[in-house]
Every structure is written in structure tokens, then in C-alpha cells.
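A short write-up of the structure that comes next.
The values are calculated or read from the model by the stated rules, or taken from the named source; none is laboratory data. What you see is a predicted model, and the numbers here were worked out from it, not measured in a lab. As a convention, Cβ positions derive from the backbone with ideal geometry for all residues, glycine included, and neighbour counts pool all protein chains shown.
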Amino acid sequence: MNRRRFLQQATTGAASVALIGLTLNSRAAAEEKSRPAGKIITRTLGRTGIQVPIVSMGVMNADNPELLKESYKRGVRHFDTAWYYQRGNNERMVGQALREAGGKREDYTVATKIFLGDGPGRSAKGAAAKALFLKRAAESLSRLQMEYVDILYYHSLDTREQVLDPGIIEALTELKAEKKVRFTGLSMHCHWPGLLTLAADQGFYDVALLSYNYSMQGNPAFLDAMQHACAKGMGLVAMKTQCQQEWYREGLPADLQKFYEGQIMHTALLKWVLRHEQFATAIPGYTTFQQMEEDFPVARSLDYTPDEKKFLEDRHVQLALLGACQICGGCTGSCPKGVDLPNLMRTHMYARSYGNAIQAGETFRAIAPGRSLAACADCSPCTARCVRRVDIAGRLAELKMIYA
């Protein structure tokens, strides 16, 4: 695939999503939507005691405030954003839209995340990490125009040192004492079974936001860590639940791709995650009214339809899942240059699957010097290998078209 084709695909996908959103927004304004039957399922978020519907909203890629308002109207009560999503504009939109939605502040839960992995925060720790964390937390509250957030996550951790950093613990302790944060959290994309267990035993963090999806089935490390954390009282929230369909597009025959387009695949994958009762809720990142209408009804029933069950049991799907990156870190030792393959695969996910150039760029720039694409420029052929079937070399080649 050449650079032009790659960028054309990303642009076309983004334009299609925008068009669908506008069309459905107009339709929503023109006619009354029917409401599905059945009571919304809620669960308790660990020791926080917060009751949340099992389907929440990941707002990262959303840019339409009317979508948040309609989500609240439908019954969504937990909204997840972050300090650096859309360069701060995501938090601004969340705060404004929820104020306009008409509910009382205590009626909904807002979570935001502080990311220290860019620019001056790349290697911050201890007192430096504390100062930067407090600065960015103040910026988040200002953008949200809120006196407090319900959950404040230390975002995208991948080392023991980050989990145990005394500077971050001091910062969050101060924010809780000042009633600017109700509960502390940490989010993890890779290496998280060990890190989650460490955090649970440490006992400081109340909530963990974890990447979890159908590609991780059959791996006991994930389930064991989740069960341990729950036993310690932590609340668990699932992200990346529909695992972005690179594996689906690349690994399935064309006839099956056509058959499984749309709601069947997305609802089946979301239900699969939420049938793990260790998770209080999931934050699928929907961006259109159509996607909202597919995702949120899952909150009323986790029973599989016959088509959803057929999809999950299909042998072609099972085989294709091996091409879904779990960001497990198993590939790291296969690179002789020590390239940060897990975070490069995350960058590829944001760029290729999400069509989110800003988030892809932020993730890419946060990779430590000497461990990014420049380090693998002279490697031919690429010797990096996935423990499953992810085409690492192919994804690195696509990233070089954008960033090299």
C-alpha cells in the first residue's frame, strides 16, 4: 500500500463517519426515537460505590455535543475523556454538553485522565511528575468547568515505577483532600496483568481502566489479574472493547466481511466483554448516533442473538483474532534494536483503525528517543515477531509512510 492510498483510506473513513453522524443527527431532530424495552443493567464500581450502567461512553473521538446530550437522555451516566484528547477540546465539549443536558452534577460520573508521556512529561517522576500532574489536573478541571471529577486516572502506564511513583500518589492524595477528585485511577494498555496485580496489592488506586476484548479470550493471565483486583476492592472499567477491526478486515474472507458488517459484530464483541462481571462498565468509543444506537441497547441485555453467537463461534473469526494486537508486549524481545513495538502498534491502531491522526501523533511522540521508527530504519528484513499473528513488519511499514 502506498502513502497516497493509505491516507485516502483514512480520509474516506473519517468523512463517511462524519456524514453518517450528520444524517442521523438530522433524523434524530426530525422524529422521536423509539426506546428499547428492558431495564438498564447497572453494576457497582468496586469500593467507590458508584452505580453505573454497564455501557458508558468513551468520548475520545467524539466531537458532536448533541451526541453526548442524546446519550445522557438514553441513560448513559458515565463519560470518559482525557486531558489531551483533541488537544483539550474534548474536555471542554464534555463539560458544556453535560451542563446543557439538564441533569444534576451528582447524577452522572465524569472520568478524565492525565497523561505525562509527552514533551516535558516523558521522563518525569517523583517531584517533577507531581508538579506536572497537578498542573494538568488543574487544566482539566478548568476545561470541564467542574469543581471536581469523579475519577482521575494516571493514564497509559506500562512500568512498575509509574504505578508506585510517590510523586503521583502525593498529587492524587492532595487532590482528594481538596475534594477536586473523588476517586483515584490508573489506565493501562499493555503489560497490565502484572501491573494491575501490583496496584491492587498496593491498595492506593480505586479504579483501573483496562484494554480488554475478544482477542484476549483463553489467556488466564488477564482473568486472574482481574479477579485479584476485584477481590481487593478495585473497580474495573473496560476500554478497546471492540478491538478495532484490523484483524477482521485483514483476516476474513470477503464474503464473511460483508455478512458480518455492522451491528452483529459490534454488539457481539461488546457483550462478550461485559459478560465478564469483573467489569462494572465499558466505554466503547462511539462517534455517531448510529453507533450509539448499536452500543447502548447492550446495557439492557447481554444475551447473544443467534447471529451474534454464530459470529463469535465462527472458525474464520477465531483464526482472524490471532491477527488482533493485544498490546501484550510479547513482541518486544524480538527486535534487536529495542524498538518500542507495543506503542508503535498502538500508534498504528489509532491511525489506521480509529482514523484519529491527533491521538496517533500524541502516542507516537510519546515514544522514548531511540526506541521509535528511526531505530529500525536500517533493518531489512524486519525480524520483529508477534507471539500471535500480527503483521508487525507490515504495520511498521505503514507507519513509516506517515512519520519517517
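From the list Tyr84, Tyr72, pick out the single residue that is under 20 Å from Ala368 (Cα atoms), crowded, with 19+ Cβ neighbours inside 10 Å and not basic (Lys, Arg). Please lay out each step first, then the result.
Details: Tyr72 fails: under 20 Å from Ala368 (Cα atoms).
Among Tyr84, Tyr72, only Tyr84 is under 20 Å from Ala368 (Cα atoms), crowded, with 19+ Cβ neighbours inside 10 Å and not basic (Lys, Arg).
Kindly provide the set of residues from region 350-360 that are in a helix (DSSP H, G or I) and among the polar types (S, T, N, Q), ordered by number.
First, pick out the residues of region 350-360 that are in a helix (DSSP H, G or I): 350-354, 357-360.
Within region 350-360, Ser353, Gln359 qualify.
Residues that are at negative phi, of a type in the set (Gly, Ala, Ser), out of contact with any strand residue (DSSP E or B) (no Cβ under 7 Å at 6 or more places or on another chain) and not in a loop (DSSP other than H, G, I, E, B) occur at least once in region 361-368.
The single condition from (1) of a type in the set (A, V, I, L, M); (2) in contact with a Lys or Arg (Cβ under 8 Å, 6 or more places away or on another chain); (3) not in a loop (DSSP other than H, G, I, E, B) that Ala374 fails is (2).
How many residues does region 213-240 hold that are polar (S, T, N, Q), part of a helix (DSSP H, G or I) and under 18 Å from the mean Cα position of the chain (by Cα)?
Taking region 213-240 as the starting set, the residues that turn out to be polar (S, T, N, Q) are 213, 215, 217, 219, 227.
When the remaining residues are screened for being part of a helix (DSSP H, G or I), the result is 215, 227.
Now narrow it down to the ones that are under 18 Å from the mean Cα position of the chain (by Cα): 215.
Residues in region 213-240 being polar (S, T, N, Q), part of a helix (DSSP H, G or I) and under 18 Å from the mean Cα position of the chain (by Cα): 1 in total.
How many of the residues making up region 264-310 are part of a helix (DSSP H, G or I), of a type in the set (D, E, K, R) and within 23 Å of Gly235 (Cα to Cα)? It would help to see each step written out before you state the result.
If we filter region 264-310 for residues that are part of a helix (DSSP H, G or I), which is where we start, we get 264-274, 289-300, 306-310.
Then keep just the ones that are of a type in the set (D, E, K, R); that gives 271, 293-295, 300, 307-310.
Filter again for within 23 Å of Gly235 (Cα to Cα), leaving 271, 295, 300.
Of the residues in that region, 3 qualify.
Could you list all residues from region 311-339 that are in a loop (DSSP other than H, G, I, E, B) and out of contact with any helix residue (DSSP H, G or I) (no Cβ under 8 Å at 6 or more places or on another chain)? Before you say what the answer is, go through the steps one by one.
Narrowing region 311-339 to residues in a loop (DSSP other than H, G, I, E, B): 314, 324-331, 335-339.
Within region 311-339, Gly330, Pro336 meet the criteria.
Does any residue in region 387-404 that is part of a helix (DSSP H, G or I) and of a type outside the set (Lys, Arg) come within less than 9 Å, Cβ to Cβ, of a residue that is modelled with pLDDT of 80 or more and loosely packed, with under 15 Cβ neighbours inside 10 Å six or more places away or on a different chain, and which pairs are these? From residues that are part of a helix (DSSP H, G or I) and of a type outside the set (Lys, Arg), the pairs are Ala393/Pro381; Ala393/Thr383.
Just for region 190-212: of the residues that are assigned to a loop (DSSP other than H, G, I, E, B) and at pLDDT below 95, which one is farthest from the chain's Cα centre (by Cα)? Step through it out loud before you land on a result.
Residues of region 190-212 that are assigned to a loop (DSSP other than H, G, I, E, B), as a first pass: 190-191, 203-206, 212.
From what's left, at pLDDT below 95: 190-191, 212.
Details: Cys190: 12, His191: 15, Tyr212: 9 Å.
Among residues in region 190-212 that are assigned to a loop (DSSP other than H, G, I, E, B) and at pLDDT below 95, the one farthest from the chain's Cα centre (by Cα) is His191.
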